Amino acid sequence: MGRFVQKNGLHERSGNGSGERVLAYGRRGMFRKQSVSLRVLGIESSCDETAAAVVADGREILSSVVASQIDIHRKYGGVVPELASREHLRQIVPVVREAVAQAGMQLADVDAIGVTQGPGLVGALLVGITYGKTLAQALGKPLVPVNHLEGHVHAVFLEAHKAGRRAKLPAVCLIVSGGHTVLYEVKADDSGVQDASARLRYRKMGQTRDDAAGEAYDKVAKLLGLGYPGGPILDRLAAVSNGAPAPVKFGATKMKGNALDFSFSGLKTAVLYHVRENGDYAEEIRSREAALARGERKFEQLMPLCSAKTRGLVREFQNAVVRDLVERTMKAAEELSVESVLVSGGVAANSQLRATFEERSKPADIEVFFPSRALSTDNAAMIAAAAYSRFRAGILADTSLNADPSLTLA
Ligand code: KG4
Ligand code: ZN
């Protein structure tokens, strides 16, 4: 039973664990029940995006603000942890304020605060956690610790809800980003709730043994003089590579042991050796690096500096990555006879990956769910959505909450 608190003539029952406040207006036996949505402020700072969002009932995005640090890390070709923490410190307060304002709310209207506990960069995580704890204390609101990877899973549910679709559970979920490439079986626990607001259970089915897929994109783009991050530009170059002959072919990666594991570092090294052995790439790489140094990093500026051979190479690299991701995920889905596949993380924005999943899943009678591009990459709406189901399950943190850089889901 919940506790009743007298508030402006309203009796508010709180703490009934359902995540729902039930307001009872009453005199003379006249009761009216009204469900009030539960609004969670999500905070994300695990890597190089400072993000805050407000999500109602784990489904409706009221606001989502992302401050990207890409411009700061670009010249180093990857995320520099010290710079990331410093930038999170600068951004966290204005980003949270903006998210609350865009939701048309005041901080005091927030019902709970969800914050990424890990995995990620320890210094970066600590900025979000410390701010989340401080806010929770000052406002007297519950604090919910969230696993960043579970956030990526919830990004898929948020998108499905927007589109009026429902992902049937159990499902197979591929999380594929700059830091992760991992396959899970996702189930709702046996509380009877079979949707995204249920407490979800995970079983790891496979993961990368070396580089993440997004990391391979970033490294290949760097060695080809195509800037950082690599995914978006390689995606677009591959899309205009029709008719470019293949300068090299990359075979499927065979895995000893768990056939659902991934490996991308061999592919990246194969691209490196191919480029080294073919001296004719060197000049165009130098010209693209010079363009990048002038700040000309847009696709439209770099594309004319790419020969047909380079476009063919990029297409073959992407074909190999996409084939591995799709084949292993579909194999997992078929092994478990699930009807839904969820794909999330930065690389889920890739157009060929999306198209190939659609093509491959139709004849197998499996439905594939992706977040929108904005929800694929790191954001806080997914953290707020994951926090909602954890809040309903009674999972709360106290002031001893600490960052866990290697937190796992399963
Ligand atoms: O999820 P995310 O924003 O951050 C991590 O948690 O890592 O993912 C960023 C990664 C980067 O490696 C980036 O190159 C990759 O996602 N990425 C893409 C695309 N857009 C972003 N990879 C392939 N194709 C894309 N369109
Ligand atoms: Zn991520």
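The values are calculated or read from the model by the stated rules, or taken from the named source; none is laboratory data. Please read these numbers as outputs of a predicted model, since none were measured by experiment. Cβ sites come from the backbone with ideal geometry, for glycine too, and all protein chains shown count toward neighbours.
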Seminar exercise, completed: Apart from one, (1) within 16 Å of ligand 2 (Cβ to nearest atom); (2) more than 18 Å from GLY214 (Cβ to Cβ); (3) aromatic (Phe, Trp, Tyr) all hold for PHE369; the odd one out is (1)
Seminar exercise, completed: Those residues of segment 52-106 that are among the polar types (S, T, N, Q) and in a helix (DSSP H, G or I) come to a total of 3
For this session: Taking the options ILE233, ILE285, name whichever one is touching a residue at least 12 places away in the same chain (Cβ under 8 Å) and over 28 Å from the mean Cα position of the chain (by Cα).
Result: ILE285
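For every residue, the table says whether it meets (1) surrounded by fewer than 13 Cβ atoms within 10 Å (Cβ to Cβ); (2) at pLDDT 95 or above.
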{"site": "LYS256", "(1), (2)": "yes, no"}
{"site": "LYS268", "(1), (2)": "no, yes"}
{"site": "TYR273", "(1), (2)": "yes, yes"}
{"site": "ARG276", "(1), (2)": "yes, yes"}
{"site": "GLU283", "(1), (2)": "yes, yes"}
{"site": "ARG286", "(1), (2)": "yes, yes"}
{"site": "ARG294", "(1), (2)": "yes, yes"}
{"site": "LYS298", "(1), (2)": "yes, yes"}
{"site": "MET303", "(1), (2)": "no, yes"}
For this session: Report, ordered by the first and then the second residue, all pairs with beta carbons closer than 6 Å, sequence separation of six or more or different chains, a first member in segment 165-180 that is in contact (Cβ under 8 Å) with a residue 12 or more places away in the chain, and a second member that is in a loop (DSSP other than H, G, I, E, B) and away from ligand 1 (no atom under 12 Å from the Cβ).
Result: LYS168/GLU339; LEU169/GLN194; PRO170/VAL338; ALA171/VAL338; VAL172/VAL338
For this session: Determine if segment 318-328 includes at least one residue that is farther than 22 Å from ARG373 by Cβ, small (Gly, Ala, Ser) and surrounded by fewer than 17 Cβ atoms within 10 Å (Cβ to Cβ).
Result: no
Seminar exercise, completed: A careful count of residues in segment 71-97 that are among the acidic types (Asp, Glu) and surrounded by 15 or more Cβ atoms within 10 Å (Cβ to Cβ) gives 1
Exercise. Only one residue in ALA374, ALA355, ALA348 is surrounded by fewer than 21 Cβ atoms within 10 Å (Cβ to Cβ), within 15 Å of ligand 2 (Cβ to nearest atom) and in a helix (DSSP H, G or I), so which one is that?
Worked result: ALA374
Seminar exercise, completed: Of ALA270, ALA355, ALA332, the only residue that is under 27 Å from the mean Cα position of the chain (by Cα) and over 17 Å from THR208 (Cα atoms) is ALA355
Seminar exercise, completed: Note: among ARG236, ARG199, ARG203, ARG166, just one is modelled with pLDDT of 95 or more, among the basic types (Lys, Arg) and more than 16 Å from ligand 1 (Cβ to nearest atom), namely ARG203
